[in-house]
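So the structure is just underneath, and the comments pick up after that.
The values are calculated or read from the model by the stated rules, or taken from the named source; none is laboratory data. Keep in mind that this is a model prediction, so the values were computed, not measured. Here the Cβ positions follow ideal geometry from the backbone for every residue, glycine too, while neighbour counts run over all protein chains shown.
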């Protein structure tokens, strides 16, 4: 029995099917890659917020930048704990491009987790912001007189909490997420207790 020869129509249909399947497979592959990178950035941002908060919470008595020996802690109106937190965040975000980090905020946190007296990520008079530049976190704006405004007394209901918030935009390399996805992560922690004779505002730093 002679073999049946494939028609041109069948060959064309096979080519179309192969193209559709290939397109779906490549879309799936790029989607997996994109989601993996997005999850990496989300994890790094969340981890960086926690690292910055831990660093700041341990530096209640560090005082203003004017009292710090390190020249990179500027200006005088910024607290040392802000720069300490910013440096910790910078190290944690070392794998994220500088251009993807929109801002970093270190602030006195209210009961809602936002800067005290605010309901959004808006700096008040106890808040400083930073942005990355050349692999380091540079001061942008704000002030916080931690010496006069931070209460680090254990079991004191007025004990101060510090918050760190970071805004990162994940740039879409495949275009599946348009021009990218913005992620804001925050972490809030009470300041680590200071000795009783130096824990009240004005008695430390």
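One table, with the values for the structure above:
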quantity	calculated
Number of the condition not met by residue 159 [criteria: (1) over 24 Å from residue 45 (Cα atoms); (2) in a loop (DSSP other than H, G, I, E, B); (3) out of contact with any strand residue (DSSP E or B) (no Cβ under 7 Å at 6 or more places or on another chain)]	(3)
Qualifying residues in the stretch 88-120 (those that are part of a helix (DSSP H, G or I) and modelled with pLDDT of 95 or more) - the one surrounded by the most Cβ atoms within 10 Å (Cβ to Cβ)	89
Boolean, residue 66 is in a helix (DSSP H, G or I), farther than 13 Å from residue 129 by Cα, modelled with pLDDT under 95 and out of contact with any helix residue (DSSP H, G or I) (no Cβ under 8 Å at 6 or more places or on another chain)	yes
Conditions (1) closer than 24 Å to residue 194 by Cβ; (2) part of a helix (DSSP H, G or I); number of the one not met by residue 38	(1)
Of residues in the stretch 148-161 being surrounded by 15 or more Cβ atoms within 10 Å (Cβ to Cβ) and in contact with a helix residue (DSSP H, G or I) (Cβ under 9 Å, 6 or more places away or on another chain), the one farthest from residue 84 (Cα to Cα)	153
Matching residues in the stretch 49-63 - criterion: being out of contact with any strand residue (DSSP E or B) (no Cβ under 6 Å at 6 or more places or on another chain) and in a helix (DSSP H, G or I)	51, 54, 55
Residue tally, condition at negative phi, touching a residue at least 40 places away in the same chain (Cβ under 8 Å) and in a loop (DSSP other than H, G, I, E, B), over the stretch 122-154	7
Test result for residue 198, surrounded by fewer than 16 Cβ atoms within 10 Å (Cβ to Cβ), over 21 Å from residue 66 (Cβ atoms) and modelled with pLDDT under 95	no
Selection within the stretch 81-92 - over 14 Å from residue 103 (Cα atoms) and in contact with a helix residue (DSSP H, G or I) (Cβ under 6 Å, 6 or more places away or on another chain)	81, 84, 88, 92
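The rows are residues; the columns are (1) touching a strand residue (DSSP E or B) at 6+ places or on another chain (Cβ under 7 Å); (2) under 24 Å from residue 159 (Cα atoms).
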{"residue": "36", "(1), (2)": "no, no"}
{"residue": "75", "(1), (2)": "yes, no"}
{"residue": "97", "(1), (2)": "no, no"}
{"residue": "106", "(1), (2)": "yes, yes"}
{"residue": "109", "(1), (2)": "yes, yes"}
{"residue": "114", "(1), (2)": "no, yes"}
{"residue": "130", "(1), (2)": "yes, no"}
